[in-house]
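> Starting off with a structure, shown below.
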Amino acid sequence: MTILETLKKPEITEDLRGRGYSRRDMGRIAALLGGTVALGRAAPALAQQSARAVIGAVRIGSNECWTGPLPAGAAAAMKIVTEGNRYEPNGEHDQLFAAVSAVEGLPATHIKAWPGSSDPLNRAAVTFASPTRGIVTADPTYEQIWRTGAWIGAKVTKAPLGPQYQHDVKAMLAADPNAGLYYVCSPNNPTGTLTPIADIVWLAENKPKDAVLIVDEAYIHFADAPNAAKLVAARDDVLVMRTFSKLFGMAGMRLGLTFAAPSLHEKMMRYDGMQVTNMLPMTAVACGTASIPLAAEIKARRDEMIAVREKTIAHLQSRGLKVLPGSHANMFMVEWKGKAPKEVMAALLAQNVQIGRSWTAYPTMSRVTVGSAADMEKFRIAVDKVLMA
Ligand SMILES: Cc1ncc(COP(=O)(O)O)c(C=O)c1O
């Protein structure tokens, strides 16, 4: 059954119509969840900002990890290649859920696996927002849900980050008290800042009862801080999202997780979700399963990143550049002493160093990803050259 056929089932059509979606919107939902539209192309202004990776350059523009999967994860993936004739040689999805369950202290019934976190983010927007129930995010934050909201006709409201660059959850609720979806990214992309769990709990408790709170923890393993996973054991209106694309070095392998009450997950499955979730390449599943319990290796990678990040920030500050404080992730925002980020980006690219984009809310700043020690040494040398030019 195609996604369009699914959407034409009477009970699904009725649900979508009841939430304010038009016939035209249904075509757009089918294109979005069926993978026939890439929203980067639907919103050219945003897409232009995220330049394609330049092969051979120092790539510190898209928040990837500077190195590949943890060695035990890579070994598990390589081993399972030899059993590639089987759809699932030995209950690998269940092994993944058991491993995640042991680490997070969550029942396996509350865990689903995805090819990264982009699909469940779109799916959650379609399920919980609509033309009549909006989406609220911080500003700046990870923009994917802005594009999805625009595509499905949901109002997107943005509340500026607070004074410490954390999410201002009270301002978020006040900005649209009747939204269908509230999105908190912690640590936040692009600032790397954490939102305290107490603030996340406050938003869960004070938003409309039938609205859903997403906590996107794509970068949480880079922050030695409490996470929101346990919230989903007690509530049926919180969705926590994880990805293996960041600290675990698996962006190209595609593996993500959502944590939620089974009733909430079930709603997300309505639009052909079963064709995507829990149907993943065995290499990614095996790699994730072997990686997730490796607390010492995770800490070592985090410590390595923090040392490199702090050394880089200290260097930039010694050159009189302003760096936003409080990053707990593999990125930071830097301001270029009055030079336009686009020009600095081009000048650094001429030195073979590719940095990240700017956000409209912080137009004088660029996001820089923390790469390896060697990457960041090249970045520092290139910055010195460009600033002196
Ligand atoms: C905050 C955040 N969430 C989700 C994603 C999506 O990542 P993926 O689809 O690779 O899991 C990203 C990627 O940069 C991100 O920064």
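The values are calculated or read from the model by the stated rules, or taken from the named source; none is laboratory data. Small disclaimer: the values here were computed from a predicted structure and weren't measured. Don't worry about glycine lacking a Cβ; one is built from the backbone with ideal geometry, like all the others, and counts go over all protein chains shown. When the accessible area is computed, the model is the full protein with side chains, heavy atoms only, and any ligands, DNA or RNA have been set aside. Shrake-Rupley method; radii C 1.70, N 1.55, O 1.52, S 1.80 Å.
> Report, by residue number, each residue of region 282-320 that is crowded, with 17+ Cβ neighbours inside 10 Å and outside any helix (DSSP H, G or I).
Listed by number, the residues that qualify are Ile292, Leu294.
> Restricting attention to region 13-40, and to residues there that are in contact with a Phe, Trp or Tyr (Cβ under 8 Å, 6 or more places away or on another chain) and assigned to a helix (DSSP H, G or I), which single residue is most open to solvent (accessible area, probe 1.4 Å)?
The extreme case among them is Arg28.
> Checking the condition within 16 Å of the ligand (Cβ to nearest atom) and modelled with pLDDT of 90 or more, which residue from Gly61, Gly56, Gly84 passes?
Gly61
> Residues of region 222-240 being crowded, with 23+ Cβ neighbours inside 10 Å and either within 13 Å of the ligand (Cβ to nearest atom) or of a type in the set (Ser, Thr, Tyr) (or both), which ones?
Phe222, Leu239, Val240
> So, in region 353-389, how many residues would count as being among the polar types (S, T, N, Q) and either assigned by TED's automatic domain parsing to the domain that holds Phe248 or open to solvent by 40 Å² or more (accessible area, probe 1.4 Å) (or both)?
Of the residues in region 353-389, 2 are among the polar types (S, T, N, Q) and either assigned by TED's automatic domain parsing to the domain that holds Phe248 or open to solvent by 40 Å² or more (accessible area, probe 1.4 Å) (or both).
> Continuing with the same structure: Do we have any residue at all in region 102-111 that's open to solvent by less than 20 Å² (accessible area, probe 1.4 Å), part of a loop (DSSP other than H, G, I, E, B) and modelled with pLDDT of 95 or more?
yes
> Taking Trp202 as the residue in question, decide whether it is modelled with pLDDT under 95 and either in a helix (DSSP H, G or I) or away from the ligand (no atom under 16 Å from the Cβ) (or both).
No; evaluated as a whole, the condition is false for this residue.
So that you can scan it fast, the table gives a plain yes or no per residue for (1) within 10 Å of the ligand (Cβ to nearest atom); (2) outside the structural domain of Arg301 (by TED's automatic domain parsing); (3) touching a residue at least 40 places away in the same chain (Cβ under 8 Å):
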position	(1), (2), (3)
Leu247	no, yes, yes
Met250	yes, yes, yes
Met253	yes, yes, yes
Met279	no, yes, no
Thr283	no, yes, yes
